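I have placed the structure first, in the form of structure tokens, so that the comments after it can refer back to it.
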2 protein chains.
Amino acid sequence: MARADPIDADGLARLRLIRTTSVGPATYRQLLLRFGSPLAAIKAIPDLARRGGGRTPFVPSLADAEREADRVAALGARYLFNGRDPYPALLSEADDAPPALIAAGDLSLLDRPMVAMVGARNASAAAVRFARQLAYDLALLGHVIVSGLARGIDTAAHQGALATGTIGVVAGGIDIFYPPENEALQRDMMMRGLVLSEQPPGTEPHARHFPSRNRIIAGLAQGTVVVEAAPRSGSLITARLAADYGRDVMAVPGSPLDPRAQGCNHLIREGATLVQSAADVAEALGPFGANHVAAPSVDFDVAASNDVGDRDRRDIVALLGPSPVAVDELVRQSGISPAAVHAILLELELAGRLARHAGARVSLDA
Amino acid sequence: MARADPIDADGLARLRLIRTTSVGPATYRQLLLRFGSPLAAIKAIPDLARRGGGRTPFVPSLADAEREADRVAALGARYLFNGRDPYPALLSEADDAPPALIAAGDLSLLDRPMVAMVGARNASAAAVRFARQLAYDLALLGHVIVSGLARGIDTAAHQGALATGTIGVVAGGIDIFYPPENEALQRDMMMRGLVLSEQPPGTEPHARHFPSRNRIIAGLAQGTVVVEAAPRSGSLITARLAADYGRDVMAVPGSPLDPRAQGCNHLIREGATLVQSAADVAEALGPFGANHVAAPSVDFDVAASNDVGDRDRRDIVALLGPSPVAVDELVRQSGISPAAVHAILLELELAGRLARHAGARVSLDA
């Protein structure tokens, strides 16, 4: 395996900011907007956290970042930074796009149109066969198949498109094989396909990593096909995220008597396109590139903490609680400017006191 | 079985016109509009047919009509005439509504909201069970279930709703049991439910009767649910007719791997509502009575044959051939007024030289 491109100074600085405690994609983006560079943001963090009323978050040192980068390089992998080339174009349009991905494999796949296929881990044998064939047929039409390297439908989708182009997004580190029986497939895809991870190498996947992984799958692809999915399953979350990003959601129907078809049938009732074949999927996606619709983007106002008074901070904290509340609602109820509210939330987040939720909602950590 | 209401003089005259050779629903309606009464229309027929260049069609005598009416009464059945009470309200909104139906059973069912259920004769055992349950559940919600007394899904739909209300529309005469194994069900429905037929008693069902029967099923109901249907099956024709009438079309999905699901899945792709339960059907239909949407109605212009010149007749005949052509197209190409074109077509039809097709298209019989 060829050693990948070495990381540069800007990359190392970005990595330090990305791996800082409490810094998620939204905070990272806001900090870069506000301070202009990762190093300037890192320098400002202690003061911001103090204003937020908490302890200074852990900011990795340059040596820490170099250590991770060396490990990534040793794995034959490299970083993709949002805002720098190469980075998946459609994914960068998502508000919560990962600031950095670790990638191993054939980066040229990122330049081709992608379609995601997701579904049940305990899929029926018939659905597994169907998914493999559908992936194969879609790959022949020129689509790269994106999935999550999980059991069942994910595995079948990757297998069907292995020879022509498939991307796997893992929930843990790129060197972690989960489920273990997919180690050979993942290793194969790190050569012939492409494997992506948002987490540092060595990260064991935990429950919270899976929804994060699902958003990357949905964000990479022009559209998401759900093959078999139980109600309230992760596949439906991926479908929902794809819809939120303005991408096509497609589902393969099944008998109402088959519990594993409930999720897909429900999606179709909600407006997903019923698909039975690669031709149906291709028809839904339209001509390549035609669907590069930017997702509705949340604009962060940029404000200096200096503009924010202590009374405003207290008011916002008083409005926050353990139940997530919309940032818009905070602005309305507090009467404080959106820029100032965002600045206060940023401080609270860096102080480890704020959690961010889907739909631009936030809650106060106990 | 109580002897049904006797037929009156107007009914007998209508029956004579209805049973006249070459007089279909469209011609019947046009003749009544033009001549004001069935007897006046009957009187005009020989002259119209002569102008159309053919032999005078067979017009049953009053005695012939009385003979049929006696037979209907002896079966405990009665006539329902379009334009007179009782007649199914939604059906009367269809352009090609039968001028007369023969009905045996509980006429009060006609006053309740109806939903049609159709599907494959060779349905899977699972689909048959599903259809029976769906009909039962819909009946509990107050819907009368309309179907065609065929094998498979039709039979299951009637059985599920037998105790609460079901209407069967047969393709042949009301006293003909087809398929033979459904004789007991049909006899039961002639007491507890309602059986309708457009054909005189004793008529054996032929291929051409089935699409006619299907239009009655679609026309009676607020919406049509297709449970299992092969591509190009009669159930899909019923669904198409329901859509043409502006009624709701619903379909139960299935796996793409199941050939019997292809028709339903295709319908859903085309815009039919995916339904998995009685609640889904009820939701699609909306509140009772809310869906009494009149179908787009074709207005026949009323013109006397006297207004039509012989050259116009020759021009229209020259434009006609064995392939169906739209009446609108004839008007456009001939430059003759719509009223005159309709009058000429009426003559040709009565002369046995014209066939009418779906979509207001006509062809010349060889």
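Here residue A:141 qualifies as more than 14 Å from chain B (Cβ to nearest Cβ) and open to solvent by 10 Å² or more (accessible area, probe 1.4 Å). Report, by residue number, each residue of segment A:123-146 that is assigned to a helix (DSSP H, G or I) and in contact (Cβ under 8 Å) with a residue 60 or more places away in the chain. Of everything in segment A:123-146, those that are assigned to a helix (DSSP H, G or I) and in contact (Cβ under 8 Å) with a residue 60 or more places away in the chain turn out to be A:127, A:130, A:131, A:134, A:137, A:138, A:140. Residue count for segment A:259-278 satisfying the condition of being open to solvent by 20 Å² or more (accessible area, probe 1.4 Å), without any contact (Cβ under 8 Å) to a residue 24 or more places away in the chain and either in a helix (DSSP H, G or I) or within 8 Å of chain B (Cβ to nearest Cβ) (or both): 1. Among the residues making up segment B:85-122, those that are free of Cβ contacts under 8 Å to residues at least 24 places away in the same chain and either surrounded by 23 or more Cβ atoms within 10 Å (Cβ to Cβ) or closer than 17 Å to residue B:219 by Cβ (or both) are B:87, B:92, B:111. Within segment A:230-247, being outside any helix (DSSP H, G or I) and either away from every other protein chain (no Cβ under 14 Å) or crowded, with 24+ Cβ neighbours inside 10 Å (or both) holds for A:230, A:232, A:233, A:245, A:246, A:247.
Residues in segment B:128-138 that are open to solvent by 10 Å² or more (accessible area, probe 1.4 Å) and within 13 Å of chain A (Cβ to nearest Cβ): B:128, B:129, B:130, B:132, B:133, B:137. For residue A:22, the criteria (1) part of a helix (DSSP H, G or I); (2) touching a residue at least 60 places away in the same chain (Cβ under 8 Å) hold in every case but one, which is (1). Between B:80, B:32, the distinction of being over 27 Å from residue B:226 (Cα atoms), outside any loop (DSSP other than H, G, I, E, B), aliphatic (A, V, I, L, M) and within 17 Å of the chain's Cα centre (by Cα) belongs to B:80 only.
With respect to being in contact (Cβ under 8 Å) with a residue 24 or more places away in the chain, closer than 30 Å to residue A:228 by Cβ and more than 14 Å from chain A (Cβ to nearest Cβ), residue B:223 fits the description.
Yes/no per residue for (1) modelled with pLDDT under 95; (2) under 16 Å from the mean Cα position of the chain (by Cα); (3) surrounded by 18 or more Cβ atoms within 10 Å (Cβ to Cβ); (4) of a type in the set (Ser, Thr, Tyr):
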| site | (1), (2), (3), (4) |
| --- | --- |
| A:177 | no, no, no, no |
| A:180 | no, no, no, no |
| A:185 | no, no, yes, no |
| A:196 | no, yes, yes, no |
| A:200 | no, yes, yes, no |
| A:207 | yes, yes, no, no |
| A:211 | yes, yes, no, no |
| A:215 | no, yes, yes, no |
| A:219 | no, yes, yes, no |
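Which one is modelled with the lowest pLDDT, of the residues in segment A:235-260 that are among the acidic types (Asp, Glu) and more than 14 Å from residue A:273 (Cα to Cα)? Of everything passing the filter in segment A:235-260, A:258 is modelled with the lowest pLDDT.
For segment B:248-258, name all the residues that are in contact (Cβ under 8 Å) with a residue 40 or more places away in the chain and more than 10 Å from chain A (Cβ to nearest Cβ). Once the filter is applied, which keeps residues that are in contact (Cβ under 8 Å) with a residue 40 or more places away in the chain and more than 10 Å from chain A (Cβ to nearest Cβ), segment B:248-258 yields only B:248.
The values are calculated or read from the model by the stated rules, or taken from the named source; none is laboratory data. Computed from a predicted structure; not experimentally measured. Positions of Cβ are generated from backbone atoms using ideal geometry, with glycine treated the same way; all protein chains shown enter the neighbour counts. Surface areas here come from the heavy atoms of the whole protein model, side chains and all, with no ligands, DNA or RNA. Shrake-Rupley method; radii C 1.70, N 1.55, O 1.52, S 1.80 Å.
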